[in-house]
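Scroll down for the structure; my scribbles are underneath it.
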Amino acid sequence: MFKNPSDDHIHALLERVKTIAVVGASLKDGRPSRGVARFLMDQGYRIIPVNPAYEGQDFAPGVPVLDSLDAIDQPVDMVDIFRRSADAGSVVDEAIRIGAKAVWLQEGVWDEAAAQRAEKAGLMVVMDRCPAKEIPRLGVKAKG
C-alpha cells in the first residue's frame, strides 16, 4: 500500500524543484488549478501549464499553455496533476516517459498502481496533497 513520503522528504523535494508542469491548468479564475499554479509561480517556480483545451493561449504573459507533457522541450522536475483519479495514471505514465523526477497528485487524486509504476521508474510520488498548502506548512523558502 502506498504511503506518502515523510514531511522531510516532501520539504526536500519542494526545495530542489525548479520547473513544474501543471497538468489540467485552467485559465478560469477561481479554479483550484489556476490558483495553485499562480501560487507556485509567485513562489519562484517555473510553471509549464498543460491543458489541451487551452493550447497556445497564455496562462500568464509569456507562459503559453501546452497540449501535453510530450510538447515540453525542456527538463521537468515535477508534474503536478489536476485530473480525476481515473485519468491520473496516463499522466503519470507520460511523466515517466518525459523523465520527470517527481509526480504530485492533487488533493482527492489517488492511483495506487500509477504510484507503483512511478516509484519503480525512480520518481518521487506524493498523492492527495496540495503543494500550495504544503509549502507554507513545511516552511519551504520561496525561490525568488
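List of remarks:
- Rounded, prolate or oblate (a/c below 1.5 giving rounded, otherwise prolate when a/b exceeds b/c) for the stretch 1-41 by Cα gyration tensor: prolate
- Cross-link pairs 3/101; 3/141; 120/141; 18/101 - those with Cα-Cα distance over 20 Å: 3/141; 120/141
- Projecting the Cα atoms of 23, 37, 136 onto the dipole axis of the stretch 7-138, where Lys and Arg carry +1 and Asp and Glu carry -1 at the beta carbon, places 136 farthest toward the positive end.
- Evaluated with a Cβ-only charge set (Lys, Arg +1; Asp, Glu -1), the chain carries a dipole of roughly 340 debye about its Cα centre, given to the nearest 20.
- Rounded to the nearest 20 debye, the dipole magnitude of the stretch 85-129 is 240 debye, with +1 charges on Lys and Arg beta carbons, -1 on Asp and Glu beta carbons, and the Cα centre as origin.
- Average Cα contact separation per residue, the stretch 7-138, under 8 Å, 6 or more apart, as relative contact order %: 22 percent
- Build a GNM of the chain with springs between Cα atoms under 10 Å apart, and of 18, 101, 120 the one that fluctuates most is 120.
- Gyration tensor verdict on the stretch 34-144 (Cα atoms; rounded if a/c is under 1.5, prolate if a/b is larger than b/c, oblate otherwise): oblate
- Computed on the stretch 76-122, the Cα convex hull volume stands at 57 Å³ per residue.
- Using only the C-alpha atoms, the convex hull of the stretch 41-104 corresponds to 95 Å³ per residue.
- Other residues whose C-beta falls under 14 angstrom from the C-beta of residue 84 contribute a net charge of -3, scoring Lys and Arg +1 and Asp and Glu -1.
The numbers here are math on the coordinates, done by the rules we state, and not lab data. These numbers come from a predicted model, not from an experiment. So basically every Cβ, Gly included, is an ideal-geometry build from the backbone, and we count neighbours across all protein chains shown.
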